[in-house]
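Everything below concerns the one structure shown next.
The values are calculated or read from the model by the stated rules, or taken from the named source; none is laboratory data. What you see is a predicted model, and the numbers here were worked out from it, not measured in a lab. Every residue, glycine as well, gets a Cβ built from its backbone with ideal geometry; the counts of neighbours run over all protein chains shown.
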Amino acid sequence: MPGKSSKVRIFEDRETACRTLAGELAGLIATVNASGRDAVLGLATGNTPVPLYRELVRLHREEGLSFARVVTFNLDEYLGLPREHPESYWTFMHRQLFDHVDIAPENIHIPAGQPDDVGTHCAEYEQAIRDAGGIDFQLLGIGRTGHIGFNEPGSPRDSRTRRIELDPVTREDAADAFGGLDQVPTHAITMGCGTILEARRLGLLAFGERKAAIVREAIEGPITAEVSASFLQEHPDAAFFLDREAAEQLG
Ligand code: F6R
């Protein structure tokens, strides 16, 4: 039955959820590398995956997890920000993960904040994902608008990597980090829903009571472009990793 293929996994707390997922990602990297190719990971930014990246760094330092044969594609980037801006997702990813593991710089892909031509850049991003053989595992968070990546309400199921206007709720949620709403970019580049849903496996992390209402809509509500995370219901291998607070409104 459509609507019920995604799995819901509820954990005691966010650290346990992230430790579990990190272990599964380490296993996936090992399995894919053993099959003779690089593992391709789609990555997310934001507050939610911070403990996951911390655990991946620990696994690298203490348990020999190598990123030497890992290729990454990040979901999104704010338009207008130079790489070195403290709130760019390029900066975030390097501080949280890439600076601390053995990934090859040429294997890292993050949409550019200041591309010469947005349309060309987005088409090249899509092509790079195809050239890498597609994404083995896509990590996701969820915004209070229900977005995955920055696919704000109204983003079609088959949308591709593109420029998008950020929803006012999303900009408000970023205001503190940027030091004021007027400092938050108005637009971003995001992988599309269609791009994301082509990943062979998806894992969406959501923690805290602030996410409970939108998590319920994404998992139990109608499948609709108004809540792009609801498209996960139709994916054959998608799981929601929740803490108790984020799961509290589930029926
Ligand atoms: C980030 C991204 C967004 C975030 C979402 C939740 O790359 O694509 O969809 O996952 O906005 O953000 P946090 O985790 O800060 O609540």
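Do the conditions hold for R95, that is, is it assigned to a helix (DSSP H, G or I), within 15 Å of the ligand (Cβ to nearest atom), free of Cβ contacts under 8 Å to residues at least 60 places away in the same chain and more than 26 Å from G194 (Cα to Cα)? Yes; evaluated as a whole, the condition is true for this residue. Check whether at least one residue in the stretch 29-46 is modelled with pLDDT under 95 and buried (at least 18 other Cβ atoms within 10 Å of the Cβ), and report yes or no. Checked the stretch 29-46: no residue is modelled with pLDDT under 95 and buried (at least 18 other Cβ atoms within 10 Å of the Cβ). When the test is whether a residue is touching a Phe, Trp or Tyr at 6+ places or on another chain (Cβ under 8 Å), under 30 Å from R210 (Cβ atoms) and charged (D, E, K, R), D102 does not pass it. Taking G141 and the conditions (1) buried (at least 22 other Cβ atoms within 10 Å of the Cβ); (2) touching a Pro at 6+ places or on another chain (Cβ under 8 Å), which numbered condition does it fall short on, given that it satisfies the others? Checking G141 against (1) buried (at least 22 other Cβ atoms within 10 Å of the Cβ); (2) touching a Pro at 6+ places or on another chain (Cβ under 8 Å), the one that fails is (1). Just a yes or no: is a residue in the stretch 61-82 within 16 Å of the ligand (Cβ to nearest atom), touching a Lys or Arg at 6+ places or on another chain (Cβ under 8 Å), within 29 Å of H187 (Cβ to Cβ) and of a type in the set (A, V, I, L, M)? Looking for residues that are within 16 Å of the ligand (Cβ to nearest atom), touching a Lys or Arg at 6+ places or on another chain (Cβ under 8 Å), within 29 Å of H187 (Cβ to Cβ) and of a type in the set (A, V, I, L, M), one finds at least one in the stretch 61-82, hence yes.
Here is a yes/no grid of residues against (1) out of contact with any strand residue (DSSP E or B) (no Cβ under 7 Å at 6 or more places or on another chain); (2) free of Cβ contacts under 8 Å to residues at least 60 places away in the same chain:
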{"residue": "E12", "(1), (2)": "yes, no"}
{"residue": "G23", "(1), (2)": "yes, yes"}
{"residue": "I29", "(1), (2)": "no, yes"}
{"residue": "V32", "(1), (2)": "no, no"}
{"residue": "S35", "(1), (2)": "yes, yes"}
{"residue": "A39", "(1), (2)": "no, no"}
{"residue": "P51", "(1), (2)": "yes, yes"}
{"residue": "L56", "(1), (2)": "yes, yes"}
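Within the stretch 163-211, restricting attention to residues that are away from the ligand (no atom under 12 Å from the Cβ) and among the basic types (K, R), the residue that is farthest from F11 (Cα to Cα) is R163.
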